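Working notes for the structure below.
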Amino acid sequence: MGMATAADFTINGASKTLQTLSTGEKGTILAGSSLTNGDEKVAITISGDNATLNNFGTILQTGTGRAIRDNTGVKNLTINNATGAVMQTADADVIQMNKAKAGVTLNNSGSMISLNASAGGAQAVDFGSMTSGANVINNLAGGLLKATDADAVRTGVNGVVNNSGKIQSNITKADGKGSDGIDAQNASGLQVFNLSGGVIEGGRHGITGAQVDTATLFALNVSNSAGATIRGLNGSGINVDGFNSKQLATIVNYGTITGQGITGDGDGIDVDGLVDISNSGTIRSINAFSAVADGVAFSEGISVGGGRISNSGLIEGLVSAGNTNAVGRGITLAGNDLAAGGREGLYADATITNLSGGVIRGQSDSGIVVVGAASGHTVTIYNNSGASIFGGGALNAAILGNADNTVIVSGGIINGASSGKAIALGSGKNSVTITGGAVSGSIDGGSGSQNTLTITAGAGNSFAYAGAISNFSKVEIQSGNVTFSGVSSYSGTTELSGGMLTLDGAQRLSASSVLVLNGGTLRLTNAGTQGQAFASLSLSGDSSVLLGGSSLTFGGLGAIVSGKTLTFTEAASGVYAFRLLGDYSADTSFLALLGATHINGGGATYAYDGTYTTVLAAVPEPGTYAMLVAGLGLMAVMARRRRTKV
């Protein structure tokens with residue numbers, strides 16, 4: 001083997017002479033030429049700052065040594081591997097920067113391949129030791145960075161990867177270690193820009209990294225352009241291991257990010273800490289696997305411990321055909337697994353905004369699920385007009401909550417038809433606001449005692465709901481034409497403060513619900529003569545009721561605000577408009593209500609039948625009839641005169 005030289009060098013032809021680049025020196029392997037080495041030594045050693053290596057040919061290491069290595073901490077090293085050029089090692093890193101303060105820029109348009117015969121963890125690019133120097137990898141269109149049974153690329157602290165080519169790790173051996181496309185390891189500050197046409201593929205994860213301990217900050221930034229792909233073949237598209245809120249992954253996706261579990265878990269994005277995700281592309285988990293004895297596996301489009309997710313694309317969890325021990329979820333919000341089973345709670349508030357055109361889907365489980373212990377944090381879900389959240393399977397709701405407080409605002413589609421459950425919340429203080437769209441399946445406010453459902457469809461707009469509403473302390477209609485045709489069981493307050501609520505059918509709301517009329521309109525259709533029952537009636541704003549030939553029954557009388565009117569129309573002849581359980585003949589609030597009540601354009605009267613105080617239209621006195629007939633006759637004469645006037 002030839003001795004290493006220390007000067008500018010140019011290789012023209014086939015060479016086996018080891019090379020060294022010192023300060024300011026330049027080395028070149030010309031097209032069609034090669035540098036080959038077959039032992040444990042480094043083919044090209046970098047020993048000085050501001051050196052440049054240009055490869056237009058082949059650097060081939062057939063032994064156990066590296067192709068290129070810096071072991072001194074050089075600065076401003078530039079390595080150019082041109083289109084058609086090859087750097088390949090048999091059982092070592094292609095290039096390694098082995099000092100903390102090194103600095104390097106790698107421009108690759110050719111191929112850099114680590115065959116890693118012993119599966120000992122040899123990378124195509126290993127910058128993992130770098131902690132303070134500039135660290136840039138430009139894998140250009142047509143470029144290939146590839147390792148077998150190892151990570152393709154390891155980046156140091158604040159490393160930057162710009163990829164328009166292919167970064168690939170594949171697994172061929174059962175004990176293949178790492179095998180991620182890009183592995184930041186514990187080095188914070190990685191920035192990955194996967195540009196159009198770029199592919200980052202891991203035999204395990206596409207991109208990964210991890211907090212070193214609970215006290216250390218860890219940050220990772222990934223931008224995946226339209227036409228770019230990040231995928232994990234037996235793991236997650238992006239996986240970040242961690243412990244708490246000191247970890248933040250910022251991800252902007254316009255392309256495709258997929259994960260797949262063949263022998264274990266596989267998520268589109270799996271971040272144990274916090275995230276800031278903006279998705280306009282596709283984030284998908286294809287499958288997950290676990291042995292039956294280990295319980296059900298979860299194939300999750302996204303699984304995170306808190307933070308922000310904004311979606312105008314597709315987020316979904318799928319399960320491969322024939323896999324009966326896994327379910328597909330769209331988004332899981334939870335902390336880490338607990339040794340004793342279950343999950344930790346969230347590490348921070350979580351906000352999901354599903355924008356117009358956005359779809360969040362669980363193929364066989366929830367579209368969005370919050371699990372784990374109570375954390376004291378709040379989950380907020382905005383499902384905007386034109387957006388959709390789909391649940392799948394027969395068990396869980398499209399949106400499933402836990403013990404944390406949950407806020408849902410939806411003007412889009414929430415579809416839980418497969419399980420019959422659209423929203424099922426937990427024991428926190430929960431609020432659901434519907435501004436439009438459609439909801440398929442039941443709406444369950446959870447076991448907390450302060451849950452509210454508000455429907456504000458907007459003036460002139462309609463919202464129809466055929467499911468069951470349960471476990472709300474208050475259901476308020478604020479605006480729009482709202483129709484309930486399902487049978488609901490909540491026992492709280494039903495308040496009409498604006499708009500119209502149509503109850504289509506008999507007993508659509510629980511008889512234990514309190515009715516508060518505060519400016520809206522209640523309409524009964526297809527309700528039969530017995531109509532709808534409520535626990536009590538309160539009047540706090542001018543309100544109206546369209547009876548549709550039916551009637552209302554109240555178990556008692558609540559607050560009646562002086563000066564407010566209650567107008568009934570469509571009352572059937574001879575049928576009471578409403579009734580109160582008990583004798584209210586001497587009740588001052590009832591008498592005040594009676595004076596403010598109008599039925600079919602006239603006044604109201606009452607009677608006590610021994611069980612109920614019934615209120616119905618007042619019958620005009622005989623003198624009133626005479627005046628009415630005379631008035632009608634006078635109007636007819638005047639009309640005839642107008643018709644005959646010349």
Among the numbered conditions (1) open to solvent by 10 Å² or more (accessible area, probe 1.4 Å); (2) at pLDDT 95 or above, tell me where V192 comes up short.
(1)
Could you tell me whether A119 is surrounded by fewer than 21 Cβ atoms within 10 Å (Cβ to Cβ) and at pLDDT below 95?
yes
If I filter segment 166-177 for residues that are surrounded by fewer than 24 Cβ atoms within 10 Å (Cβ to Cβ) and within 20 Å of the chain's Cα centre (by Cα), do I get at least one hit?
no
In segment 219-256, which residues are in a strand (DSSP E or B) and in contact with a Lys or Arg (Cβ under 7 Å, 6 or more places away or on another chain)?
G232, G235
For segment 589-609, pairs from a residue that is farther than 19 Å from T569 by Cβ and open to solvent by 20 Å² or more (accessible area, probe 1.4 Å) to a residue that is acidic (D, E) and not in a helix (DSSP H, G or I), with Cβ under 9 Å and 6 or more apart or across chains, are Y608/D583
Pick from I286, I302, I251: which is over 28 Å from S427 (Cβ atoms), open to solvent by less than 10 Å² (accessible area, probe 1.4 Å) and among the aliphatic types (A, V, I, L, M)?
I251
Among the residues of segment 195-212, which ones are surrounded by fewer than 19 Cβ atoms within 10 Å (Cβ to Cβ) and β-branched (V, I, T)?
V212
Kindly list, by first and then second residue, each pair from a residue in segment 252-281 that is more than 19 Å from N163 (Cα to Cα) to a residue that is of a type in the set (D, E, K, R) and open to solvent by 20 Å² or more (accessible area, probe 1.4 Å), limited to pairs with Cβ atoms under 6 Å and residues at least 6 apart or on different chains.
G268/R284; D272/D241; D276/R308
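The values are calculated or read from the model by the stated rules, or taken from the named source; none is laboratory data. Here the structure is a predicted model, which means the values were calculated and not measured. Because the Cβ atoms are built from the backbone with ideal geometry, glycine has one as well, and the counts that use them run over all protein chains shown. Note: accessible area is taken over every heavy atom of the protein model, side chains too, but ligands, DNA and RNA are not part of it. Shrake-Rupley method; radii C 1.70, N 1.55, O 1.52, S 1.80 Å.
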